[in-house]
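The structure appears right after this line, and notes come after that.
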Amino acid sequence: MTTILDGKKLRDKIFENLKSKLDKMPVKPTLAVILAGDDPSSRIYVNNKKKCAEKLGINSIVIEYPSDVTEQELIEKIQELNADEKITAILVQLPLPEHINKSNVINTILPQKDVDGLTTANSGKLFAGEKPYVYPCTPKGILLLLDEYNIELDGKHAVVIGRSNLVGKPVAQMLLNRNATVTMCHSHTKNLADIIKTADIVVSAVGKNVVGEKNIIKNNCVIVDVGIFRDESGKVRGDVEKVSPAYLSPVPGGVGPMTIASLMLNTVELFLFDKTL
Ligand code: NAP
């Protein structure tokens with residue numbers, strides 16, 4: 001029998017705690033989100049983030065730019081937000097239009113306002129085994145979900161599929177920091193199925209079906225499905241289908257809600273950093 005790693009349920013619990021904390025704060029955090037271009041999914045994600053923030057009592061502003069915005073315009077806006085004391089958290093919605101250098105833009109955010117934990121300053125700390133201001137939202141959400149279900153990480157073989165800066169690399173490092181033995185896989189990995197066979201935990205962040213009925217998995221295997229994509233028929237799918245592990249995060253309803261819960265947690269953590277309630 002498969003136990004579902006229920007991200008919605010944990011998100012609601014986190015929101016309840018956050019709301020009661022925020023209700024007691026005389027001054028609230030303010031999250032600024034930059035949205036550049038007209039990607040419809042990005043617009044939906046940004047609207048959801050704004051709605052969640054407002055429901056919890058976090059101030060939020062969305063600054064929109066057309067897809068021909070210049071890198072310099074974005075950098076100048078971020079510098080302005082960095083200098084604005086009322087803005088306590090800054091997020092740049094990805095992907096950015098192709099002509100823009102993502103690293104230049106993200107690394108303009110002050111590390112203490114970097115709510116996604118994606119600046120080189122914050123990710124460098126993570127990889128050096130130091131504490132960043134905050135951990136990247138999706139990896140943090142994955143670890144919170146595994147902890148909620150008391151899934152042991154120490155000494156376990158964790159296989160991470162996908163090596164993006166957003167998900168694969170930071171989640172692998174966070175699992176390593178928790179004493180898992182981590183194998184990272186990507187599009188050049190040979191014999192992925194043989195590696196999956198030996199996994200206690202699989203985290204799949206690819207965006208296509210890479211784990212399915214052809215795979216043999218261990219009896220107690222835990223699978224976290226991060227991937228989400230629409231197939232030709234428009235159906236929303238995850239990376240993992242037709243397998244029955246001991247634990248599985250569903251798509252939708254698993255990692256997605258945990259990413260937004262982590263964003264709200266990070267917004268409050270940045271606000272409270274060096275402050276007492
Ligand atoms: P990404 O930057 O496109 O990275 C995808 C990774 O998958 C790459 O490292 C790529 O390898 C690897 N890959 C591609 N084909 C493969 C294959 N056949 N076998 C093994 N690895 C393969 O994507 P991302 O930003 O990390 O996102 C990954 C997925 O997670 C997407 O579906 C995205 O929508 C989803 N996501 C969900 C959430 C959420 O909150 N639910 C948050 C973030 C992302 P190479 O490096 O060799 O190209």
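The values are calculated or read from the model by the stated rules, or taken from the named source; none is laboratory data. What you are looking at is a predicted structure, and each value in this text was computed from that prediction instead of being measured. Cβ coordinates were reconstructed from backbone atoms using ideal geometry, including for glycine residues, and neighbour counts include every protein chain displayed. Each accessible area value is taken on the protein alone, full model and side chains, heavy atoms only, with ligands, DNA and RNA left out. Shrake-Rupley method; radii C 1.70, N 1.55, O 1.52, S 1.80 Å.
Structure above, values below:
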read-out	value
Prolate/oblate/rounded call for the range 1-132, Cα gyration tensor, a/c under 1.5 rounded	rounded
5 angstrom amide H check on Thr183, placed H, neighbours 5+ away	Ala158, Val159, Val160
Whole-Å distance, taken between Cα centres, linking the range 1-37 and the range 240-277	8
Helix-derived mean residue ellipticity, 222 nm - over the chain, DSSP H n ≥ 4, -39500 (n - 2.57), to 500	-12000 deg cm²/dmol
Accessible area (Å², per residue) of the chain, counting only protein heavy atoms and a probe of 1.4 Å	50
Karplus-derived HN-Hα couplings along the range 183-198 (A = 6.51, B = -1.76, C = 1.60, θ = phi - 60°), whole Hz, x at Gly and Pro	10, 9, 10, 7, 5, 9, 5, 8, 6, 3, 4, 5, 6, 4, 4, 9
C-alpha long axis of helix 40-56 to longest principal axis of the chain, angle in °	70
Calculated P(r) of the range 181-261 - Cα pairs past 16 Å, %	51
The chain, dipole about Cα centre (Lys/Arg Cβ +1, Asp/Glu Cβ -1), debye to the nearest 20	680
Global form of the range 87-243, assessed from the alpha-carbon gyration tensor, a/c cut-off 1.5	oblate
Nearest 10 degrees, 0 to 90: helix 255-272 Cα axis against the chain principal axis	40
Accessible surface of the chain, 1.4 Å probe, proportion on carbon and sulfur as whole %	51
Neighbourhood charge, 11 Å Cβ-Cβ cut-off, centred on Leu265 and excluding it, Lys, Arg +1 and Asp, Glu -1	+2
